[in-house]
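All remarks here apply to the structure that follows.
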Amino acid sequence: MDRIDALTEHFMSTLSEQDDDLSNFKQAVRDVASDVLAVEKNDPTWSANQVLRRIAEPDRVISFRVTWADDDGNVCINRGWRVQASNAIGPYKGGLRFHPGVSLDDLRFLAFEQCFKNALTGLPLGGAKGGADFDPRGRSDAEIMRFCQAFMGKLAPYIGPDRDVPAGDINVGPREIGYLFGAWMNAAGIYDGALTGKGLSYGGSEMRVEATGYGLIYFVQAMLARRNADITGKRVAISGKGNVATHAAEKAVCEGATVVTLSDTSGTLYAPDGLSQEAIRWVQEQKAAGKDLANPPKDFGAAFRENETPWQQSADIALPCATQNEIDEDAAKSIVDAGTSLLAEGANMPTTPDALAVLRKAGVTYAPGKASNAGGVAVSGLEMSQTSHRRFMTAEEVDAALKDIMKQIHDRAADEGQSGGKIDYARGANVAAYRKLAQAITAQGVL
Ligand code: GLU
């Protein structure tokens with residue numbers, strides 16, 4: 001065992017025994033620990049302050065029952081959470097996820113990651129994440145509204161514009177944010193920016209919907225620029241069919257790339273000559289209607305391949321934009337065999353550690369989601385300042401600011417991750433974010 005492995009193992013053993021079953025959380029912490037512990041040990045103040053150990057123990061975890069009635073009047077019960085990890089550099093900030101598989105493990109890992117992601121944006125944003133084990137599939141609009149109102153009824157006392165500012169995540173989009181925001185205003189009795197991702201008619205920001213997907217492509221463009229390359233003419237395989245995946249596809253096509261796939265859990269939509277903007281819009285409509293991607297219109301030049309993932313298709317660039325741990329070791333081998341030389345994460349932690357080892361060995365350049373998908377939360381940060389100013393930016397201004405922020409995140413990660421002529425973006429992102437958090441945490445005393 002080398003020194004870094006020994007430090008990491010020791011650190012992992014200091015986590016609370018109560019976290020033993022939280023496998024995703026521990027995966028995320030281990031990944032950061034292996035990169036930053038050597039930096040922490042080198043600084044006596046950071047080391048004495050146990051900075052990483054403090055970030056790994058959230059400030060608080062709020063857990064609550066959500067009771068609501070379905071359209072037939074049946075009483076339904078779900079569990080909701082908000083994990084407030086750290087507000088050392090700004091109000092707690094992070095999305096809400098509604099999915100039957102959501103667990104405290106997921107939200108602990110996501111809140112931990114969010115601290116680092118938000119630090120990388122350069123904006124004053126702390127880290128948090130929340131959600132519920134609620135399955136919105138097949139639910140009517142009225143049921144979604146009642147669920148959001150019941151959820152916010154429990155969450156409202158814990159959030160606010162300077163306290164904690166939730167936003168969307170998987171299955172929480174503009175419609176849900178509208179209902180959640182209405183319910184928060186109703187409870188608080190004031191209008192203020194307690195949520196981001198709001199609609200344009202009531203204080204949202206231009207480009208927030210597009211921001212994560214567009215930001216991912218801006219990040220990839222910055223990576224390619226370092227190699228004196230560009231995205232024009234590149235074949236891009238994308239997984240997912242949600243907000244991040246389809247907006248990344250839209251922007252990639254605008255920039256002259258050939259997007260060969262989008263996907264969902266039932267299979268992959270494969271277009272050998274590239275998906276058109278019309279085909280991408282069709283995918284968005286299917287998603288909104290709760291339908292899968294089978295039977296695309298014939299003139300799209302696309303076929304649906306049941307039970308296949310996008311990773312078998314030959315591609316220069318892979319953008320996993322679905323969910324955590326979607327790329328396992330086998331998928332990583334397929335990505336390598338498909339001739340892919342760059343993988344940037346649109347989802348949070350979609351690549352397992354085993355998969356990452358395969359990609360690294362094969363020399364695939366890898367960008368972690370905490371850097372490459374930070375565009376969404378960055379525009380949330382811009383939404384917060386627009387709400388405070390009571391003055392709104394144009395779409396062009398937000399897009400230019402997003403591009404600039406993604407370039408800065410890229411450069412922070414690249415500069416910190418530089419070693420021997422190569423760039424380790426994962427280490428660079430972890431260390432750059434850690435330094436900012438460590439400075440803030442140690443400056444604020446032992447709390
Ligand atoms: N859920 C998004 C993320 O994973 C956005 C969070 C936000 O805008 O607060 O970063």
Hits in the range 341-393 (condition: within 15 Å of the ligand (Cβ to nearest atom) and closer than 17 Å to residue 35 by Cα): 349, 367, 368, 369, 370, 371
Verdict on residue 211 being assigned to a helix (DSSP H, G or I) and buried (at least 23 other Cβ atoms within 10 Å of the Cβ): yes
Single condition residue 204 does not satisfy, out of (1) within 16 Å of the ligand (Cβ to nearest atom); (2) not in a loop (DSSP other than H, G, I, E, B): (2)
Test for residue 283: is it modelled with pLDDT of 95 or more and closer than 17 Å to residue 233 by Cβ: no
Qualifying residue in the range 186-199 (condition: of a type in the set (A, V, I, L, M, F, W, C) and within 16 Å of the ligand (Cβ to nearest atom)): yes
Filter result (under 15 Å from residue 25 (Cβ atoms), more than 10 Å from the ligand (Cβ to nearest atom) and either surrounded by 22 or more Cβ atoms within 10 Å (Cβ to Cβ) or among the β-branched types (Val, Ile, Thr) (or both)) within the range 85-110: 85, 86, 102, 106, 107, 108, 109
Criterion: under 25 Å from residue 244 (Cβ atoms) and without any contact (Cβ under 8 Å) to a residue 60 or more places away in the chain - qualifying residue of 375, 445, 417, 421: 417
Residue, least open to solvent (accessible area, probe 1.4 Å), within the range 147-180, restricted to residues that are more than 14 Å from the ligand (Cβ to nearest atom) and within 20 Å of residue 209 (Cα to Cα): 148
Within the range 348-447, helices (runs of 4 or more DSSP H) holding 3 or more residues that are open to solvent by less than 10 Å² (accessible area, probe 1.4 Å): 369-372, 375-389, 395-417, 425-443
Per-region count, the range 32-72, residues open to solvent by 50 Å² or more (accessible area, probe 1.4 Å) and outside any helix (DSSP H, G or I): 10
Every pair of residues 6+ apart whose Cβ atoms lie under 7 Å, when the first sits in the range 191-215 and is without any contact (Cβ under 8 Å) to a residue 40 or more places away in the chain while the second is within 12 Å of the ligand (Cβ to nearest atom) and part of a helix (DSSP H, G or I): 195/177; 209/243
Those strands (runs of 3 or more DSSP E) lying entirely in the range 219-337 with at least 1 residues farther than 26 Å from residue 412 by Cβ and open to solvent by less than 10 Å² (accessible area, probe 1.4 Å): 235-239, 258-264, 267-270
Pairs where the first residue, in the range 123-146, is within 14 Å of the ligand (Cβ to nearest atom) and the second is basic (Lys, Arg), C-beta under 7 Å, 6+ apart: 125/93; 126/93; 127/93; 128/82; 128/93; 130/82; 131/97
Count - residues of the range 424-442 that are in contact (Cβ under 8 Å) with a residue 60 or more places away in the chain, under 18 Å from residue 125 (Cα atoms) and of a type outside the set (A, V, I, L, M): 5
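The values are calculated or read from the model by the stated rules, or taken from the named source; none is laboratory data. What you are looking at is a predicted structure, and each value in this text was computed from that prediction instead of being measured. Ideal geometry is used to build each Cβ from the backbone, glycine not excepted, and the neighbour counts take in all protein chains shown. Side chains included, ligands, DNA and RNA excluded: accessible areas come from the protein's heavy atoms. Shrake-Rupley method; radii C 1.70, N 1.55, O 1.52, S 1.80 Å.
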